[in-house]
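Okay, so here's the structure we're looking at.
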Amino acid sequence: MERIVIRGGTPLRGEVAASGAKNAALPIMAASLLAEGPCRLANVPGLRDVRTMTALLESLGVRVVRGPGENLVLDASEATGYRAAYDLVRTMRASVLVLGPLLARFGEAQVSLPGGCAIGARPINLHLKGLDKLGAEITIEEGYVCARSRRLQGARIYLDLPSVTGTMNLMMAASLARGSSLIENAACEPEVAELGTVLGAMGARIEGAGTDHIQIEGVERLGPVDHSVMPDRIETGTFLVAGAVTRGDVTVRGCRPKHLEAVIEKLIEAGADLRIDDDAVRILGPDKLRAADVKTGGYPAFATDMQAQFMASMAIAEGTSVIAETIFENRFMHVAELRRMGADIRVQGNSAVVRGVKGLSGAPVMATDLRASASLILGGLAAEGQTTVSRIYHIDRGYEQIENKLSALGARIWREKDPGSL
Ligand code: EPU
């Protein structure tokens, strides 16, 4: 196993380019199952989750060719498989995104039930309830969701919670259903809107993706698409916090600041100076950050995927902040590790009370999930002394070459073999 080592205390300076968004790339890759012909995707980030989705699609008979740079061609013309095996699904919950497309295209899908996960139970009952509404017959057999339907039938679906991947699965399924569907209380995340754009370009008749009310008129078949994946708003937010906690001057280029309004507002409230362009954001970190309360929520509220990173900045802010997590029930695993670096954080129910300390001190810490690992790296960048973050494989699921991007900004950070691992 590898670990990341950080010698903290250096202000980050310079420009960094945003990578393609993991949570947009994964559903778009799954959507290629719906198309007869090669889908050409650009700006696909080089991430472990993308490699897992590639392996999963290949196991279903999709031909995947990694082009030069960030390009990927996915051709499901000859795909025949409909079983997403446990070995792949257990390593990445987003594998469930193949359920809707497989069912819609082949009339049958068997997808291993994703197990529990570090940040919460994360059931998929809403995906299944929606597919049931579309006429699928669903059973659970030997740990697999088995769904069957001759042709799905359009339906009105109200989601009890605006699940992001639930909304996506249902959009993809309804696109090939007979008749019209309405998804109410849909997730409004930009990645959902982007999937709507991609499905539209494939020939789907879909309106309202990105709002809580999505209307879909099913079509007989969908064709291939050429698409460039949108920039990753969570990666961008993470770099902005890196600028904030190091009193740095960081510009993220090729991003969409509009997708980050809640994060930008909170960084301003915390005392950072932000300069915003159409496709770039520059942050100048203040000498001392100020406490700012945060409550996570569905878009456009503050993203749960930025909660851990923002907490690292509040750990060294002046004053006490309350960070409430409303999406996942167990997304405070980074707290114990930040405390090892000297942070003063108490968890009370679904909130963390963060009393800012003068500074953090470097320590050996362990990553527990993707965004927790980003938070620990940010803590390490701000801390005096050396931090080692072990179990770093989590970070490679969702950040492309994070140590290279940060060292280009002047951070003293590198990856090495973890002598503590087997
Ligand atoms: N939920 C249910 N039943 C369902 C679906 C969801 O109860 O059938 C609950 C979940 O347990 C959770 C809440 O609803 O408490 C919201 O979950 P959602 O379904 O929206 O999450 P997701 O679709 O599984 C996506 C992202 C996550 C991100 C969440 C919330 C992808 C591939 N994953 O997950 O990204 O945190 O939305 O915005 O898009 C990450 O990138 O680090 C990550 C975890």
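The values are calculated or read from the model by the stated rules, or taken from the named source; none is laboratory data. Computed from a predicted structure; not experimentally measured. Don't worry about glycine lacking a Cβ; one is built from the backbone with ideal geometry, like all the others, and counts go over all protein chains shown. These accessible areas exclude ligands, DNA and RNA; they are computed on the full protein's heavy atoms, side chains included. Shrake-Rupley method; radii C 1.70, N 1.55, O 1.52, S 1.80 Å.
Okay, here's what the table says:
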quantity: Extreme residue, positive dipole direction of segment 95-230, given options 119, 227, 99 (C-beta unit charges); calculated: 99
quantity: Selection from 206, 243, 195, by position along the positive dipole direction of segment 190-293 (Cβ); calculated: 243
quantity: For segment 223-373, the spread of Cα positions along each principal axis, largest first, Å; calculated: 51, 35, 27
quantity: Within segment 147-207, trypsin sites (Lys or Arg not before Pro) in DSSP loop having at most 16 other beta-carbon neighbours inside 10 Å; calculated: 150, 151
quantity: Antiparallel DSSP beta bridges within segment 93-199, as percent of all bridges there, nearest 5; calculated: 75
quantity: Sum of side-chain charges, residue 254 neighbourhood, beta-carbon under 14 Å (Lys, Arg +1; Asp, Glu -1); calculated: -2
quantity: Partners for residue 266 among lysines (Cα-Cα distance below 19 Å; same-chain residues under 8 apart left out); calculated: 258, 288, 295
quantity: Taking the chain and dividing mean pair separation by its residue count, relative contact order in percent (alpha carbons under 8 Å, at least six apart); calculated: 21
quantity: Three semi-axes of the equivalent ellipsoid, segment 328-422, Cα gyration tensor, whole Å, largest first; calculated: 22, 16, 13
quantity: Whole-number percent relative contact order across segment 165-316, with pairs defined as alpha carbons under 8 Å at least 6 apart; calculated: 19
quantity: Long-range tail of P(r) for segment 143-212 (Cα pairs > 17 Å, %); calculated: 40
quantity: Reachable lysines, given that their alpha-carbon falls under 23 Å from the alpha-carbon of residue 133 and they are not under 8 places away in the same chain; calculated: none
quantity: Within-10-Å neighbourhood charge of residue 107 [Cβ basis; K, R +1; D, E -1]; calculated: +3
quantity: Stokes-Einstein translational diffusion, segment 60-173 - Kirkwood Rh over all Cα pairs, 1.306 mPa s, 10 °C, in µm²/s; calculated: 107
quantity: Cα centroid separation, segment 165-187 to segment 356-422 (Å); calculated: 39
quantity: Equivalent-ellipsoid semi-axes of segment 69-120, from the Cα gyration tensor, Å, largest first; calculated: 22, 17, 9
quantity: Within segment 223-345: Cβ-based charge dipole about Cα centre, in debye rounded to nearest 20 (Lys, Arg +1; Asp, Glu -1); calculated: 200
quantity: Point-charge dipole on Cβ atoms (K/R +1, D/E -1) for the chain, about Cα centre, debye to 20; calculated: 620
quantity: Of the GluC sites (Glu not before Pro) in segment 1-53, those whose Cβ has at most 15 other Cβ within 10 Å and which sit in DSSP loop; calculated: 36
quantity: Over segment 187-232: Kirkwood hydrodynamic radius from C-alpha pairwise inverse distances, Å; calculated: 11.0
quantity: Antiparallel %, DSSP beta bridges [both residues in the chain], to 5; calculated: 70
quantity: Rounded percent of accessible protein surface that carbon and sulfur make up, the chain, 1.4 Å probe; calculated: 48
quantity: Directionally averaged shadow of the chain, computed from the convex hull of its alpha-carbon atoms, nm²; calculated: 18.4
quantity: Per DSSP, loop trypsin sites (Lys or Arg not before Pro) in segment 323-371 with at most 16 further Cβ within 10 Å; calculated: 358
quantity: Mean shadow area of segment 34-77, taken as a quarter of the surface of its Cα convex hull (nm²); calculated: 2.8
quantity: Near-label residues of segment 6-25 by backbone N, under 15 Å of a point 7 Å along Cα→Cβ of residue 407; calculated: 6-8
quantity: FRET E, pair residue 148, residue 125, Förster distance 22 Å, beta-carbon r, rounded to 0.05; calculated: 0.75
quantity: Scattering profile of segment 154-263 at q = 0.18, 0.24 Å⁻¹ [log10 I(q)/I(0), Debye over alpha-carbon scatterers]; calculated: -0.86, -1.22
quantity: Solvent-accessible area of residue 106 with every protein chain in place, 1.4 Å probe, in Å² to the nearest 10; calculated: 60
quantity: Residues whose placed amide H lies under 5 Å from that of residue 84, excluding near-sequence neighbours; calculated: 110, 111, 112
quantity: Nearest-20 debye value, segment 54-173 charge dipole, Cβ charges on Lys, Arg, Asp, Glu; calculated: 280
